[in-house]
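Q: This is the structure, below, for whatever I ask next.
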Amino acid sequence: MPGIREWGFRWRRHVRKIVDSKYPGVRVVNAQFGWFSTWDFLVRKKRRVRQWTDVYTRELAWSLQQPGVRMAVLAHSYGTYAVCQAMQHYRDIRVDRLYLAGCVLDNEFKWSQIDNPDRDQIGFVWNACAKWDFWVGLGSAGLRRFYPDLGSAGFDGFIHPPQHFEQPELP
């Protein structure tokens with residue numbers, strides 16, 4: 001799931017190539033929002049969460065017909081926000097593995113809302129912290145004035161991480 005100002009073709013093709021070579025038979029779905037402006041991001045934020053939820057629902061319907069299938073999500077930038085907001089709003093979303101890159105969630109994100117025995121929505125979360133990522137570190141922090149749920153977890157990390165979690169600091 002790419003961010004707001006990218007198509008993500010290159011990195012998604014690269015991920016698909018790696019997954020196909022290491023895990024033959026794994027289904028890779030390249031969900032995307034398409035390129036949209038900062039204005040669209042600021043004004044139509046909830047619409048993008050619904051778009052991700054629609055992709056999830058379609059893939060869930062497919063996976064329910066396949067025994068033993070589990071869902072993993074690789075999200076970047078705004079995709080990290082869309083996935084986690086969707087999980088908070090829709091209790092039926094289940095993700096076995098969630099990989100966050102350039103995460104724009106608040107570093108005090110309430111994982112307890114989706115990582116608890118009553119909801120059982122998340123398995124393992126991996127958040128890559130990149131101390132050199134200017135846009136995540138300063139850009140998301142600057143937008144907090146308008147959207148308090150945005151933040152710099154991809155830069156600073158999460159203060160209260162979920163139970164099954166890894167947060168490597170990348171060079």
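The values are calculated or read from the model by the stated rules, or taken from the named source; none is laboratory data. Predicted model, so just to flag it, every value in this text is computed and none were measured. For accessibility, only protein heavy atoms count, side chains too; no ligands or nucleic acids. Shrake-Rupley method; radii C 1.70, N 1.55, O 1.52, S 1.80 Å.
Q: By how many nm would the segment from His164 to Glu108 grow when fully extended, if each residue of separation counts as 0.36 nm and the alpha-carbon distance is taken off?
A: 18.5 nm
Q: Working with all protein chains in place, sort Tyr23, Tyr78, Tyr147, Tyr99 by solvent-accessible area computed with a 1.4 Å probe, largest first.
A: Correct descending sequence by accessible area is Tyr23, Tyr99, Tyr147, Tyr78.
Q: Would you kindly state how much longer the chain becomes between Arg97 and Val19 on full extension, computed as 0.36 nm times their sequence separation minus their alpha carbon distance, in nm to one decimal?
A: Here the answer is 26.6 nm.
Q: How do Phe165, Phe158, Phe146 rank by accessible surface area computed with a 1.4 Å probe, from largest to smallest?
A: Largest to smallest exposure gives the sequence Phe146, Phe165, Phe158.
Q: Quick one: accessible surface of Lys110, probe radius 1.4 Å, all protein chains present, in square angstrom to the nearest 10.
A: Roughly 120 Å² of Lys110 is accessible to a 1.4 Å probe.
Q: Taking a 1.4 Å probe, which of Val104, Val29 shows the most accessible area, and what order do the others take after it?
A: Ranking Val104, Val29 by accessible area, largest first, yields Val29, Val104.
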